[in-house]
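Below is one structure, written out as structure tokens; the observations come after it.
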Ligand SMILES: Cc1ncc(COP(=O)(O)O)c(C=O)c1O
């Protein structure tokens, strides 16, 4: 197997995703205060910890009280299992090739595996036999997401198949909510109703179900009645609650760059591809060497803001013109004292003085790009060095 060697030495690049693990720890702790004692917290650290670094995020969340970790890919689960974190791990997304190659090791490492179809059940059973270890199975019920999960009317049959297989142990039932970020939407209650009746049918078939879980960040924050045995927050751990909340959460990732160039331009200067922006007055432009290949959303062009740190303090300035592959332009204003080398915060936590302008958030970038902060965070590309600080 060949291991890719980075073509560019990260020390020689200006862009950083600065990760503050203490923010993840504190966010986890803050969510923990909402839970009854018997409810555990599963930190969702899939997609490389929502772009923050999976192991960094996992360790920080555990310090904040998480006793479970959740990841989509079995390969991620294996990496977590090898890190000896002393928590239970759940993985839920695999196809037959992955199941055959990785699941035996995953199950052999004591990781819990989700089953969302009869085919997945057969794959897990096969992998458990190969590992010569009983697989701990979380049976996923599709209550409306239409993705991974057993349809409610299949639950008795699948439950019976689990019971009859000595290599499978029913550990939990679970489901995923489609619309918990809109607390007024009645579909959440409809999903819960479907889930509860499927669980009742299953218990009728196989006896008590040890654990149940369904709450993502939004439901963790707004629906204590849905906390059940485990909650599974993701985005809130990284500082972005998907619903209005008083729970103090702060961003754990700050995306930074540095001004490459500062120049004076006259009124009427066009900027970037397609000339979508033209200066309305003489001004000073700043060139920032970060673009869509670093993860900025081109859709946010001419709509986002950044924070520039100059000798005179922090200044919020607009990004102007199209976002290019490697660079953006910002309008520093005619009187700016900014100089090449000054730090630029694209989004995150500026930790500035109370009256100083704050850095934009990933939420603001998401709004500018017509997307969600999840995508902004996970889009920060591999060529941006993650630097753990704090
Ligand atoms: C199955 C599952 N549970 C929980 C989560 C966490 O969701 P959120 O980041 O909205 O808290 C996710 C993320 O999408 C998920 O896929």
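When shorter helices are ignored and each DSSP H run of at least 4 residues is given -39500 (n - 2.57), the per-residue value for the chain at 222 nm works out to -8500 deg cm²/dmol. Taking the 0 to 90 degree range and rounding to the nearest ten, how far is the long axis of helix 21-32 tilted relative to the main principal axis of the chain, both from C-alpha atoms? It works out to around 50 degrees.
Per residue, the convex hull spanned by the alpha carbons of the range 253-388 comes to 105 Å³. Among 211, 90, 346, the largest mean-square fluctuation in a Gaussian network model of the chain (Cα springs under 10 Å) belongs to 211. Projecting label points 7 angstrom from Cα along Cα→Cβ for residue 163 and residue 197 puts them 2.1 nm apart.
Here each label is just a point 7 Å from Cα along the line to Cβ, and for residue 247 and residue 37 those points are 2.1 nm apart.
Put a dot 7 Å past the Cα of residue 270, heading toward its Cβ, do the same for residue 84, and the two dots end up 6.2 nm apart.
Working note: Cα gyration tensor of the range 21-238, eigenvalues times five, square-rooted, sorted largest first, giving semi-axes of 25, 23, 14 Å. At an R0 of 45 angstrom, the distance between the Cβ atoms of residue 261 and residue 63 translates into a FRET efficiency of 0.60. Listing 188, 39, 67, 171 from fewest to most neighbouring C-beta atoms within 10 Å gives 67, 39, 171, 188. The mean sequence separation of alpha-carbon pairs under 8 Å and at least six residues apart, normalised by the residue count of the range 212-271, gives a relative contact order of 24 percent.
What is the gain in length, in nm to one decimal, between residue 339 and residue 9 on full extension, counting 0.36 nm per residue of separation less the C-alpha to C-alpha distance?
Working: separation 330, 0.36 × 330 = 118.80 nm, distance 2.48 nm.
Gain on stretching residue 339 to residue 9: 116.3 nm.
Relative contact order, whole percent, for the chain stands at 17, derived from Cα pairs under 8 Å and 6 or more residues apart.
Where does helix 187-206 land angle-wise versus the long Cα axis of the chain, in degrees 0 to 90, nearest 10? Rounded to the nearest ten degrees, it is 30. Stretching residue 119 away from residue 298 to a fully extended chain increases their span by 60.4 nm, per 0.36 nm per residue minus the current alpha-carbon distance.
Considering only 29, 339, 16, the mean-square fluctuation computed in a Gaussian network model of the chain, springs between alpha carbons under 10 angstrom, is largest for 339.
Averaging Cα coordinates gives a centre for the range 1-72 and one for the range 81-129; these two points are 21 Å apart. Taking other C-beta atoms within 10 angstrom as a stand-in for reagent exposure, 358, 153 fall in the order 153, 358, fewest first. Within the listed set 23, 236, 200, the Gaussian network model of the chain (springs between alpha-carbon atoms below 10 Å) gives the highest mean-square fluctuation for 200. For the range 276-295 versus the range 337-359, the spacing of their alpha-carbon centroids is 17 Å. Sequence-distant contacts, meaning Cα pairs under 8 Å at least 6 residues apart, place the relative contact order of the range 21-238 at 20 percent.
In this calculation the C-beta distance from residue 22 to residue 147 is compared with R0 = 35 Å, giving a FRET efficiency of 0.55. Expressed in Å, the radius of gyration and Dmax of the Cα atoms of the chain are 23.8, 78.
Going from the fewest other Cβ atoms within 10 Å to the most, the residues 277, 76 appear in the order 277, 76.
For the chain, the longest principal axis of the alpha carbon atoms and the long axis of helix 118-131 meet at an angle near 80°.
The numbers here are math on the coordinates, done by the rules we state, and not lab data. Small disclaimer: the values here were computed from a predicted structure and weren't measured. We place every Cβ from the backbone using ideal geometry, glycine too, and count neighbours over all the protein chains shown.
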